[in-house]
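Single-structure report; data block below.
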Amino acid sequence: MTRFSGDFFDGLTSRAHPVTASLEAGHLRIEGDGIAIAVPLDRVDVAPPVGAARGVVHLPEARELHSADHAALSELAKAMPSGRPERWARHLESRLGYALAALAVSVLIVFGGLRWGVPAMALLASHTLPAGVDRHIGEETLLLMEKISLSPSTLPAARQQALAHQLAAQCRGQACPPHRLLFRDSPLFGANAMALPGGTVVVTDALVKQSHHDEEVLAVIAHELGHVQHRHSLRLALQSIGAGAILVAVTGDIGSVTDLAAGLPSLLLQSGYSRDMEREADTYALAWLNAACIPPKRFADMLGRIDKDASDKASLLDSHPGTVERIRPFLAPGGCT
Ligand SMILES: [Zn+2]
């Protein structure tokens, strides 16, 4: 028979009543001056003592029993009916090791979710969303970029057409993803090219002007077609909304398309693509250039030149990091395939 002393609080005043408590036939019996109550154990809740503090037994009607007799409180906790969920929680709480392990697991789940889960869901969503959705996001993004940082191209129409014709000729000879080529002037973007969701490829005037050969422009466009092929910008937009991507993937809800488009320009400009995505686009470009019988070195030449000139403004390289490492495969002699 467990018997222990403590202070009883009646839930009405802050006064402590010295009492003795005992366990009796499934009840906690509390007795003291003018106090005689018996509470069924299934209506009792024991908060384990923390350090040297007294343990608290919660009773119905906001009444409490405080006791420093930790051994007796432990007995009381053990005597309580099994199967109450808080007992299990209390059991775990009382073991620091479990608590720390639970914390570590939580951190891993959140970290893993952000590092791998969200990109994986974004990849899934990018494949399950109908093509019309990314076209719509791409149009929204382009409108936004035109408002902020893109103006009509100042390149002669003949120059634009010549480049467009060369691209079209290449895409008759090999499979290109559906795309649309646009030239735009943008002091902010500098020498740059971007692939928007839905296949719109924007090439800036500065990039064309810095090229020494049309094939250099085509090589950059080939890289952007790689981003189009793998729907990278859509994945980027989906990743940026994080867990929201999961909702889009699961529900196919496209109500938030405008929100998706809103953040994309800055993402595309601020090294938004992951290295894996860049590698995928590079691999696509290398195969494309070989199929087109364009020396892969054209891509390396263009990137290297932009790299030198881009000390103080946003450039293709800001969104395409690790230039030296990246251009290496393009320096090997290409072969027409
Ligand atoms: Zn890229």
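In table form, for the structure just shown:
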quantity	calculated
Number of the exception - GLU216 against (1) buried (at least 21 other Cβ atoms within 10 Å of the Cβ); (2) without any contact (Cβ under 8 Å) to a residue 24 or more places away in the chain	(2)
Filtered residues of region 77-110 (kept if modelled with pLDDT of 65 or more, under 16 Å from VAL44 (Cα atoms) and part of a helix (DSSP H, G or I))	ALA77, LYS78, ALA79
Candidates LEU286, LEU264, LEU317, LEU268, filtered to the one that is closer than 30 Å to VAL133 by Cα, modelled with pLDDT of 90 or more, within 15 Å of the ligand (Cβ to nearest atom) and not charged (D, E, K, R)	LEU286
Residue selected from region 149-159 under the condition hydrophobic (A, V, I, L, M, F, W, C) and surrounded by 11 or more Cβ atoms within 10 Å (Cβ to Cβ), by the criterion modelled with the highest pLDDT	LEU155
Out of ALA222, ALA237, ALA193, sole residue that is within 16 Å of the ligand (Cβ to nearest atom), modelled with pLDDT of 95 or more and under 20 Å from GLU280 (Cβ atoms)	ALA222
Residues being assigned to a loop (DSSP other than H, G, I, E, B) and not hydroxyl-bearing (Ser, Thr, Tyr) - total across region 1-52	16
Selection within region 127-142 - touching a residue at least 40 places away in the same chain (Cβ under 8 Å) and under 30 Å from ASP185 (Cβ atoms)	ALA131, VAL133, ASP134, ARG135, HIS136, ILE137, GLY138, GLU139, GLU140, THR141, LEU142
Test result for GLN170, part of a helix (DSSP H, G or I), of a type in the set (S, T, N, Q) and touching a strand residue (DSSP E or B) at 6+ places or on another chain (Cβ under 8 Å)	no
Number of the condition not met by VAL202 [criteria: (1) touching a residue at least 12 places away in the same chain (Cβ under 8 Å); (2) out of contact with any Lys or Arg (no Cβ under 6 Å at 6 or more places or on another chain); (3) not in a helix (DSSP H, G or I)]	(2)
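Yes/no per residue for (1) in the same structural domain as TYR273 (by TED's automatic domain parsing); (2) under 30 Å from the mean Cα position of the chain (by Cα); (3) of a type in the set (S, T, N, Q):
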site	(1), (2), (3)
SER126	yes, yes, yes
VAL133	yes, yes, no
LYS147	yes, yes, no
ALA157	yes, no, no
LEU196	yes, yes, no
LEU207	yes, no, no
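The values are calculated or read from the model by the stated rules, or taken from the named source; none is laboratory data. Values in this document were obtained by computation on a predicted structure and should not be read as measured data. Using ideal geometry, Cβ is built from the backbone for each residue, glycine included, and neighbour counts are taken over all protein chains shown.
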